[in-house]
Each structure stands twice: as C-alpha cells, then as structure tokens.
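Undergrad: Sharing a structure below in structure tokens format, with a few things to ask.
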Amino acid sequence: MFHREGQKIIITTFFLVVGLILVAQFYINPEWLRYALQIGALALLVMILQFFRNPKRLVTPNFDEILAPVDGKVVVIEEVDEPEYFKEKKKQVSIFMSPLNVHVTRYAASGTVTYSKYHPGKYLVAWHPKSSTENERTTVVLHTPKFGEIGYRQIAGALARRIVNYAEEGEQVTQGQDAGFIKFGSRVDLLLPLDCDITVKLNQKVKGGKTCIASLRKQDD
C-alpha cells in the first residue's frame, strides 16, 4: 500500500522507467551499458515505491500513552523553552527519519486540534540544533483528555522540500490516524508536558503508531 501523496510521482516515475528501459533495449550499445541503464532505472522505481509505502498499522487508542508519530531514530530528549505556542518549558523528543524510513506522520494521541500553522524557512540538515526553529516546518497542537495540550512539529531537512499537514483547527483526531507526510526526509519533534514519563532512550528506533514515547507519571500512593 502506498501513500496518496506519492501517487503522481509513482505514476510519472513508472512511465519514465518503462520508457528508458525500452529505449535502452533498442538503441543503447554496448550491452553492458544497456543493462546498467535498465537496472539503474528499475532501482530508481523501487526506491520511490519504498519511500512512499504506507503500511497499515492497527492502533487501539490509549489515552494514557503518547505514541511515536513517525518511524525513525530518537535523536533528542531534553527540556526546551517553547516560544511559539506554549511559551513555557516542555519535554522535547525528536525523531529523525532517514530516506529509508516510512515517512507517514500519524497522530501521537487522540484529541482536538487547537493549533495548526505552517512556517516557511531554511533547509538545514534535520539533526542541526536550529532546524526546529529555522527550517520549513508545521506546528500542530492537540488537546488530549489526560495529557492536556501536546504539540508536534514536522520539520523539513536538507532533502525534504514539501511538508504535507492534514491537521485543521477544531478537528477531532484519533491516535494513529494519518496526519500528513514529509517528502524525502527530515524529523518530527514532540512537545510534551514536564510531568510525563519519557519511555524511550536516545538512539532508540521507533515505529509510528506503535512505539510508546511517553506515559502518564504514576502518582505515589
């Protein structure tokens, strides 16, 4: 299954690859060059297909957990001052996506979208410390039943040139539901309350809609 955001590029790439293979078959010599071009064209098609794959993941919504919004590797866990919306300290968990990861963005929790804004910006490499505030990005805030308001940012990287965000203010969303897509790379930052427990570690690989990122802090008896 492939994401709808990849439909046009998949179709275009398919016809280009078929055309290149046919041209090479009848007009390219020597034989080794013909095969090299044909194999290269097929490899490009496979790369595009794997990039836009959208595996189905059954998610049972859990109000006590924040799930990973994307596939990738945890590269930041820290307290930050969030100046755009919250204007207070938050726990930030950042997940970096390589070109080999699934690039679907999923809602990390169920709730109501209270804020959704696009920001044009730079295209620094996604692991750069300033990418969260200077790169092209979207910021989305959800009001959840148990965590209160949580936020996430889709951040473009050096290769990414298009962020797709489906979140609309006032919309009711469900944990694990498709929230958007980032074409060709980058990262997502989660902005969470200080009193939640982070359940992942640095450099841990996570799966969107599957891996628990944070849970409610247990109260002492």
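The values are calculated or read from the model by the stated rules, or taken from the named source; none is laboratory data. All figures in this text were calculated on a predicted structure; none of them were measured in a lab. Heads up, the Cβs are rebuilt from the backbone with ideal geometry, glycines too, and the neighbour counts pull from every protein chain shown. Calculation scope for accessible area: heavy atoms of the full protein, side chains included, ligands and nucleic acids excluded. Shrake-Rupley method; radii C 1.70, N 1.55, O 1.52, S 1.80 Å.
Undergrad: 222 nm [θ] for the chain, helices only, -39500 (n - 2.57) per DSSP H run of 4+, per residue, to 500?
TA: Value at 222 nm, helices only, nearest 500: -7000 deg cm²/dmol.
Undergrad: Cα-Cα over 22 Å: which of Lys183/Lys207; Lys117/Lys183; Lys56/Lys91; Lys117/Lys207?
TA: Listed pairs above 22 Å: Lys56/Lys91; Lys117/Lys207.
Undergrad: Here's a follow-up. Scan the chain and report its longest stretch carrying no GluC sites (Glu not before Pro) that are both in a DSSP loop and have at most 12 other Cβ atoms within 10 Å.
TA: It runs 1-167.
Undergrad: What spacing in nm lies between the two simple spin-label points modelled at Leu42 and Asn54, each 7 Å away from Cα in the Cβ direction?
TA: It is 2.8 nm.
Undergrad: So, one more: Rolling a 1.4 Å sphere over the protein heavy atoms, what is the accessible area per residue of the chain, to the nearest Å²?
TA: 53
Undergrad: First compute the accessible area of the chain with a 1.4 Å probe, then give the percent of it belonging to carbon and sulfur atoms.
TA: Of the solvent-accessible surface of the chain, carbon and sulfur hold 59 percent.
Undergrad: Return the aspartates and glutamates within reach of Lys146: Cα separation strictly under 14 angstrom, same-chain partners fewer than 8 residues apart disregarded; answer none if there are no such residues.
TA: Asp64, Glu65, Asp195, Asp197
Undergrad: Okay, moving on. Roughly how big is the chain's charge dipole about its Cα centre, with Cβ charges of +1 (Lys, Arg) and -1 (Asp, Glu), in debye to the nearest 20?
TA: With only Lys, Arg, Asp and Glu charged at Cβ, the dipole is about 780 debye.
Undergrad: Related question: Considering the dipole of the chain built from charges on the beta carbon (Lys and Arg +1, Asp and Glu -1) around the Cα centre, which of Gly209, Ala43, Ser98 is farthest to its positive end?
TA: Of Gly209, Ala43, Ser98, it is Ala43.
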